[in-house]
Structures are given as C-alpha cells and as structure tokens.
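Student: Pasting a structure here, questions to come.
Derivation of every value follows stated rules applied to the coordinates shown; laboratory data play no part. Everything numeric in this text was worked out from a predicted model, so none of it was measured. Note that each Cβ is placed from the backbone with ideal geometry, even for glycine, and that neighbours are counted across all protein chains shown.
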Amino acid sequence: MVTKNIYITDKDMERLRELIMAAREFKKEEEKYLRELESELNKGTIVKPQDIPPDIITMNSEVHLLDLNTKEETTYQLVFPDQADVSRGKVSILAPIGTALLGYSVGDIIEWKVPAGVAKLKVEKIIYQPEASGEDLS
C-alpha cells in the first residue's frame, strides 16, 4: 500500500489530538484505532482552514466513493465518534474507513486491509467540505 502525504487543518488536528488523549484515558478498548489515527495525523501536513484546497476530505466533509472491487457507490460524512451513525452515512474518524478518508482528495484511491483482503475506494467527489463552504467549525 502506498503512503500518501495528507492535508489536515490545524483546527481538525487540534480536536483530533484532544480526542485521542481523552479516549486513551477513558476508552482503552479503542487503543488500536487510536494508534491508527495517530499514525495518520503524524504524516499529515497541517494547513490553516482557509488554505485547505476544496477537494481535500476534512472533518465533517461529505464524500462520494466508488468501491473499486465491487463497483458499489456510497456516500459518507466523516464525523467525530459522538456523531457517528452508520445508518445515516455518518462514519466515525475512529472507524478504519474514517481514519483512511481523512486528508485524501478527489481522485485518490484509498487502500486498507480488511479481513477479506484489501479494500480499495476511489474518492469520486467531495459533496460538502466545511472549509470550502466558509464555515468555521470550532
């Protein structure tokens, strides 16, 4: 699998680091997912919200994806764990797919290991990105 440089807003980075610290204190069972998220954050390039390109997946972005293995199309919104609701397409940043999405851009192919092999999703479109919409999510 290819390692890609990802872009993360400074605001998202701050909130995600706080999430990791809080979760480590209270939710030991999520340690594996916290390590994976921390690994992604460590390889990210930090930018100001107003400087992030509109085709980058940030927190609260809604994205249209194509599964390259099954050709199935899906839409997800990347959210913090307390807002996650898979039935409504809201996927937690701590879920493997959520961690995999953060910082990638339109046209990128995201790969990660799953029990059945390697999942491959292509980012087809960013339907909504808070920063591109001029929203200040604090």
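Student: How much of the calculated P(r) for the chain lies past 21 Å, in percent of all Cα pairs? Could the numbers behind the result be given before it?
Tutor: Details: 3562 of 9453 pairs.
Considering the chain, 38 percent of its Cα-Cα pairs are separated by more than 21 Å.
Student: Please identify every one of the trypsin sites (Lys or Arg not before Pro) in the range 1-73 that sits in a loop by DSSP and has no more than 10 other beta carbons within 10 Å of its own beta carbon.
Tutor: Details: sites: Lys4, Lys11, Arg15, Arg17, Arg24, Lys27, Lys28, Lys32, Arg35, Lys43, Lys71; in loops: Lys4, Lys27, Lys43, Lys71.
Those that pass, being in a loop and sparsely packed, are Lys71.
Student: Then there's this: Counting Lys +1, Arg +1, Asp -1, Glu -1, what net charge surrounds Thr75 among other residues with beta carbon under 14 Å of its beta carbon? Mind showing how you got there, number by number?
Tutor: Numbers: positive: Arg88, Lys90, Lys122, Lys125; negative: Glu62, Asp67, Glu72, Glu73, Asp85, Glu124.
So the environment of Thr75 carries a net charge of -2.
Student: Below 8 Å between Cα atoms, with a sequence gap of 6+, how large is the relative contact order for the chain in percent?
Tutor: On the way: 237 pairs, mean separation 36.8, N = 138.
For the chain, the relative contact order is 27 percent.
Student: Identify the GluC sites (Glu not before Pro) of the range 27-99 meeting these criteria: DSSP loop state and at most 10 other C-beta atoms within 10 Å of the C-beta. Display every interim value, and only then the final one.
Tutor: Working: sites: Glu29, Glu30, Glu31, Glu36, Glu38, Glu40, Glu62, Glu72, Glu73; in loops: Glu72.
Passing sites in the range 27-99 are Glu72.
Student: Still on this model: How about the range 75-138: which GluC sites (Glu not before Pro) there are in a DSSP loop, with at most 16 other Cβ atoms within 10 Å of their Cβ? Walk me through the numbers before you get to the answer.
Tutor: Numbers: sites: Glu111, Glu124, Glu131, Glu135; in loops: Glu131, Glu135.
Loop-located and lightly packed - Glu135.
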